[in-house]
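Peer 1: Structure provided below as structure tokens; questions to follow.
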Amino acid sequence: MEIVWKQHEHGTDQLTDLLDKDDYQGATFEIKKEERYNFVSSKHPEEKVNVTVGDPCFENPCSYESVEKVFDHIRDLTGLTDNSKVRQWTMLGCDGLPYTLGSRTIENVSVCQDCKMEFDEEANFKDHIKQNDHCKELSANDCRKYNNIVMIPGLGHYEINMVKVLIKLLWDIAVFDLAKMLGFHSPKALQSFQNAGDHHKSWQSLMIFMHSMAQELLVPYCRQEVKKNANPSLTGYFSYLNGATSSNYKFMSEVVFTYCLALHVFRAGIRRDNSTAIQAGKVKFSPLFFGFNMPFYMETFIRDSFVRVQCPPEVLAFIGANESYSASGHDSKREGGDFVLENINRKSKMWMPSGLPDKKKWLEVYCNIDRLDEVQDHMYNIQHLQPADDECVHANRKLDKDQLILLQSLEEDISYICGMDFFPDDHPLQKINQVHLAGGKAKY
Ligand SMILES: [Zn+2]
């Protein structure tokens, strides 16, 4: 907490000087976007992770049956069913519901090694081996069908749920007013804010709440120290906190310095791939999952803690060293595997025709995603276009005839690869074409 505070102070130097003045509108924050999580150390040097996508599995893992189908698909895909034993373990990251169902499935589904019969309930399996005198030399663990899959909760989804529960806790107390101050006025906008519909906005709002409320909480303590001609310090603040009598003050300091700070440290741990910080954030935050009765995340937290205690040291080391990834190789921009996959999903959707895509389209796009990326880069290069981000493209020059012909043939290639009869209207490349059809005037 001391380090977080120092960094925060560093970024708000100009604010602290002006704290007692009425007008501190001109103050600016100095921390650069990519430096704000540097208070947590990064375990690895910058490294670009090679992300490969396999064939998608068309199951929604929200029942035991569908989770088993997904497991079978992943076992085939990662070579766990193959006898050459190239791989011993597969780490499988997911959201709270599939995590819980999946962990129970791993515990319950057994295969008799003698007659290859499958059992969904552990009790039935035990009856079977007793009655038939099978699997005499083996323990129950050896007969588990999915024993070599290790479930890990997806950090991105974990964070989404932390944000949701924190907004629930603080809605009536402070966040309702904060939302209105931030411009969410209509009942619909407020409802969406309360449901944490946009994770990025909710996250930013909570950070505004944490930093500003932390400063408010420190004002009375700092005033007291100034009166005594003493220097404020972290230990001094904690003794001040112990002596605080106002229940509102105590509540708010717990909210800010325990739960909001846990969320901040959790995010910093993810961005820097620091397992200790991630675990510290999870543990400090966990009472809220229980307090708000979120059964899947309660179970996820407990099971995840057990896995980390019970798994062999080399598996634990592997989990710790691979909590988060950066597809770009930036050491402060890592994210959980679930969000790396979401990015790929989003990118794939760009190549799909509008409307509900069928399985064939998904497969075609997923099998060709790298090639499609290359084609897109090539099209940008031809036109000297810089994609500002994935969704925004600025056209700055007209194409000559040859380039237009090339562009059209590339478009045909893409349509062929994706099996599309037409380009979706909302696709960035379609926008480029529209720009050129409009004579380079339109701007997207
Ligand atoms: Zn048997």
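Any read-out appearing in this document is the output of simple, stated calculations on the displayed coordinates, not a laboratory observation. Fair warning: this is a prediction, and the values are worked out from it, not measured in the lab. Counting neighbours? That spans all protein chains shown, and the Cβs are built from the backbone with ideal geometry, glycine included.
Peer 1: List the GluC sites (Glu not before Pro) within segment 109-147 that fall in a DSSP loop (any state other than H, G, I, E or B) and whose Cβ has at most 12 other Cβ atoms within 10 Å.
Peer 2: Glu121, Glu137
Peer 1: Please rank Leu170, Leu190, Leu155, fewest neighbouring Cβ atoms within 10 Å first, as an exposure proxy.
Peer 2: Leu190, Leu170, Leu155
Peer 1: Under a Cβ-Cβ cut-off of 14 Å, what is the net charge of the residues other than Ile149 that fall near it, where Lys and Arg count +1 and Asp and Glu count -1?
Peer 2: +3
Peer 1: Also, I was wondering about something else. Between Asp177 and Phe58, what is 0.36 nm times their sequence separation minus the Cα-Cα distance? Round to one decimal in nm.
Peer 2: My answer for the length gained is 38.6 nm.
Peer 1: Give a residue-ordered list of calculated ³J(HN,Hα) values for segment 292-305 (Karplus: 6.51 cos²θ - 1.76 cosθ + 1.60, θ = phi - 60°; whole Hz; x for Gly, Pro).
Peer 2: 9, 6, 9, x, 5, 7, 4, 5, 4, 4, 5, 4, 4, 5
Peer 1: How big, in percent, is the set of alpha carbon pairs in segment 150-272 lying more than 22 Å apart?
Peer 2: Percentage above 22 Å: 44.
Peer 1: Taking amide H positions as placed in the peptide plane 1.01 Å from N, state which residues far from Gly329 in sequence (5 or more) or on other chains have amide H under 5 Å from it.
Peer 2: Val49
Peer 1: Would you mind classifying segment 217-272 by shape? Square roots of the alpha carbon gyration tensor eigenvalues, ordered a ≥ b ≥ c; an a/c under 1.5 is rounded, otherwise it is prolate if a/b is larger than b/c and oblate if not.
Peer 2: oblate
Peer 1: Efficiency by 1/(1 + (r/R0)^6): what FRET value for Asn381 and Asp358, r their Cβ-Cβ distance, R0 = 35 Å, to the nearest 0.05?
Peer 2: According to the calculation, E is roughly 0.60.
Peer 1: Using alpha carbons only, how many angstrom separate the centre of segment 279-294 from the centre of segment 111-154?
Peer 2: 33
Peer 1: Can I ask one more? Using amide H atoms built in the peptide plane, which far-off residues or other-chain residues are under 5 Å from Leu92 H to H?
Peer 2: Residues meeting the amide H criterion: Val150, Met151, Ile152.
Peer 1: Taking 10 °C and 1.306 mPa s as the conditions, I'd like the Stokes-Einstein D for segment 64-155 in µm²/s, using the Kirkwood hydrodynamic radius from alpha carbon pairs.
Peer 2: My calculation gives 115 µm²/s for D.
Peer 1: Only Cα pairs under 8 Å and at least 6 apart count here; give the relative contact order of segment 64-155 as a rounded whole percent.
Peer 2: 35
Peer 1: Let me ask you something else. Would segment 285-334 count as rounded, prolate or oblate if I go by the C-alpha gyration tensor, calling it rounded below 1.5 in a/c and otherwise prolate when a/b exceeds b/c, oblate otherwise?
Peer 2: oblate
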